[in-house]
Amino acid sequence: MIKKFQLPLQTLNLTVGFMVWVIISSLMPFIKEDIAIPADRLAIVTAIPVVLGSVLRIPLGYYANIIGARLIFLFSFVLLLFPVYYISVAQSMTALIIGGLFLGVGGAVFSVGVTSLPKYYPAQKHGFVNGMYGMGNIGTALSTFGAPLIATQFGWQTAVKSYLILLAVFIVLNFLLGDRREVKVKTPIVEQIKGIYKNPKLWMVSLFYFITFGSFVAFTVYLPNFLVTNFGLEKVDAGMRTAGFIAVATFFRPVGGWLADRFKPLILLGGTFAIYTIAAILLAFSPSLTPYTIGCLAIAFSAGLGNGIIFKLVPFYFQQQAGIANGIVSMMGGLGGFFPPIMLAAIHGATGQYSIGFMLLSQVALASMVLVFWLYYQDKMLADSLGRQTGSPAQSKMMKK
């Protein structure tokens, strides 16, 4: 019975982790009214939680295999109590940066579920299962929409403290409902790293996730303040629009996983990067709110599909090193959310506009599309070669997919 709870429980765990992860960016329009933050430092303060949230994904993914998801989630939520409270009483930019760095634990828990949950399901469902788990991304939408509402009524400090109650509830839920008998995989971390670090597919998949999940995170932390300062929107309105972006990306994540279970995932991924390329060009030349909104929603759609598709590829390519591979790929995705806001801020400071930054995104997406199709044809040729050598049409068909 406990095993049946793991998908909904771990998805809710991810939701809570991501809610905590984006507290600062969600409330930045309120925080900067009380704490002096130079305009050129805003991007750094909002992006800083992404750092630890990315780097910690490797050890958390690995130890999820060693001691199980239950204990990792439990320890992570206990640890998060401290930075959340620290931020609620912060009175300086330095305090926000220190607290924000440790909020990264909330984003790092992503690699726990993608390592744990496939153990409970057959391989043909891994794309959909990881996609459903990835719907925990909606936590960022809940924070960007809900936190400003609480802050409007009670102040941003109270809004931050409300997360302490949420964390306490999920500490109890994981203690009671987490699977104590989860299958453990105890391959030493050095052996796992040796088994994959020279594999170019690991770094290509990491690049793809750097873009798809990285853009999701970047837009999540960048939009609330950007919409207020550049389009003159109200803070709650900006939060609602950002929540809409997150909701679209979150909804299409399981759709991407489901499609990848049934069709050729690399072809699907190439299509998403084609959409990225066009959408980023649109953003580069968007003078008003309407075309900018269309471009953002196109990014959200392709980010959601791409995120779901990629975590069908990871267990397929790295069956024996799933924990460490999930950690590395998801770390790169997190880092993909750290650099774009800082880069956009630097470009805006130098040129007075964001167009060059979005054009760079379009070109990286275009190059990734080329790499995806190259990887597809490499796999296809390998499958044909194996099929000729072994005389096994089934093996050849599996590789082609």
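The values are calculated or read from the model by the stated rules, or taken from the named source; none is laboratory data. Given the structure is predicted, the values throughout are model-derived calculations rather than measurements. Glycine gets a Cβ as well: all are built from the backbone with ideal geometry, and neighbour counts include every protein chain shown. When the accessible area is computed, the model is the full protein with side chains, heavy atoms only, and any ligands, DNA or RNA have been set aside. Shrake-Rupley method; radii C 1.70, N 1.55, O 1.52, S 1.80 Å.
V169 fulfils the conditions (1) in contact with a Leu (Cβ under 6 Å, 6 or more places away or on another chain); (2) free of Cβ contacts under 8 Å to residues at least 40 places away in the same chain except for a single criterion, (1). Would you pick out the residues in the stretch 29-46 that are free of Cβ contacts under 8 Å to residues at least 60 places away in the same chain, aliphatic (A, V, I, L, M) and not in a helix (DSSP H, G or I)? Across the stretch 29-46, the qualifying residues are A36, I37. At pLDDT below 95, out of contact with any helix residue (DSSP H, G or I) (no Cβ under 6 Å at 6 or more places or on another chain), within 30 Å of R180 (Cα to Cα) and open to solvent by less than 10 Å² (accessible area, probe 1.4 Å): is that true of G68 in this structure? It is true that G68 is at pLDDT below 95, out of contact with any helix residue (DSSP H, G or I) (no Cβ under 6 Å at 6 or more places or on another chain), within 30 Å of R180 (Cα to Cα) and open to solvent by less than 10 Å² (accessible area, probe 1.4 Å). Restricting the stretch 108-142 to residues that are touching a residue at least 40 places away in the same chain (Cβ under 8 Å) and among the hydroxyl-bearing types (S, T, Y), the residue that is most open to solvent (accessible area, probe 1.4 Å) is Y120. Does L80 meet the test of being farther than 19 Å from I23 by Cα and not aromatic (F, W, Y)? So L80 fails the test. Filter the stretch 163-192 down to the residues that are surrounded by fewer than 17 Cβ atoms within 10 Å (Cβ to Cβ) and not hydrophobic (A, V, I, L, M, F, W, C), then identify the one that is modelled with the highest pLDDT. That would be R180. Considering (1) crowded, with 16+ Cβ neighbours inside 10 Å; (2) among the hydroxyl-bearing types (S, T, Y); (3) within 23 Å of S88 (Cα to Cα), the lone condition that T158 does not fulfil carries the number (1). Sub-7 Å Cβ pairs linking a first residue in the stretch 240-260 that is farther than 15 Å from F219 by Cβ to a second residue that is surrounded by fewer than 24 Cβ atoms within 10 Å (Cβ to Cβ), at least 6 apart or interchain, are P254/F128; P254/M132; P254/M135; G257/F128; W258/F128; L259/L268; A260/L268, ordered by first then second residue. Given the condition over 28 Å from L9 (Cα atoms), in contact (Cβ under 8 Å) with a residue 24 or more places away in the chain and not small (G, A, S), answer yes or no: does some residue in the stretch 143-156 qualify? Taking every residue of the stretch 143-156 in turn, at least one turns out to be over 28 Å from L9 (Cα atoms), in contact (Cβ under 8 Å) with a residue 24 or more places away in the chain and not small (G, A, S). Using the structure shown, decide if V105 is more than 26 Å from D237 (Cα to Cα), in contact (Cβ under 8 Å) with a residue 24 or more places away in the chain, open to solvent by less than 10 Å² (accessible area, probe 1.4 Å) and assigned to a helix (DSSP H, G or I). Taking the combined requirement at face value, the residue satisfies it. A count restricted to the stretch 210-227 and to residues that are among the hydroxyl-bearing types (S, T, Y), open to solvent by less than 10 Å² (accessible area, probe 1.4 Å) and at pLDDT below 80 stands at 1.
Mind checking whether some residue in the stretch 4-21 is within 24 Å of K125 (Cα to Cα), surrounded by 23 or more Cβ atoms within 10 Å (Cβ to Cβ) and among the small types (G, A, S)? No, because not a single residue in the stretch 4-21 is within 24 Å of K125 (Cα to Cα), surrounded by 23 or more Cβ atoms within 10 Å (Cβ to Cβ) and among the small types (G, A, S). Within the stretch 27-38, the presence of at least one residue that is open to solvent by less than 50 Å² (accessible area, probe 1.4 Å) and within 19 Å of F216 (Cβ to Cβ) is confirmed. Screening G195 against (1) open to solvent by less than 10 Å² (accessible area, probe 1.4 Å); (2) at pLDDT below 85 leaves a single unmet condition, (1).
Scan the stretch 375-396 and tell me whether some residue there is at pLDDT 80 or above, of a type in the set (A, V, I, L, M, F, W, C) and buried (at least 23 other Cβ atoms within 10 Å of the Cβ). The answer is no, given that none of the residues of the stretch 375-396 is at pLDDT 80 or above, of a type in the set (A, V, I, L, M, F, W, C) and buried (at least 23 other Cβ atoms within 10 Å of the Cβ). Counting only helices (runs of 4 or more DSSP H) that fall entirely inside the stretch 47-90 and contain at least 1 residues that are more than 30 Å from K3 (Cα to Cα) and touching a residue at least 60 places away in the same chain (Cβ under 8 Å), the qualifying elements are 49-55, 69-88.
Every residue, every condition in (1) open to solvent by 40 Å² or more (accessible area, probe 1.4 Å); (2) polar (S, T, N, Q), yes or no:
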residue	(1), (2)
L269	no, no
F273	no, no
F301	yes, no
L313	no, no
F318	no, no
N326	no, yes
G357	no, no
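Here I37, I24, I48, I2 are screened, and the one residue that is at pLDDT below 80 and of a type outside the set (G, A, S) is I2.
Within the stretch 233-242, restricting attention to residues that are at pLDDT below 80 and open to solvent by 10 Å² or more (accessible area, probe 1.4 Å), which residue is nearest to E33 (Cα to Cα)? Selected residue: K235.
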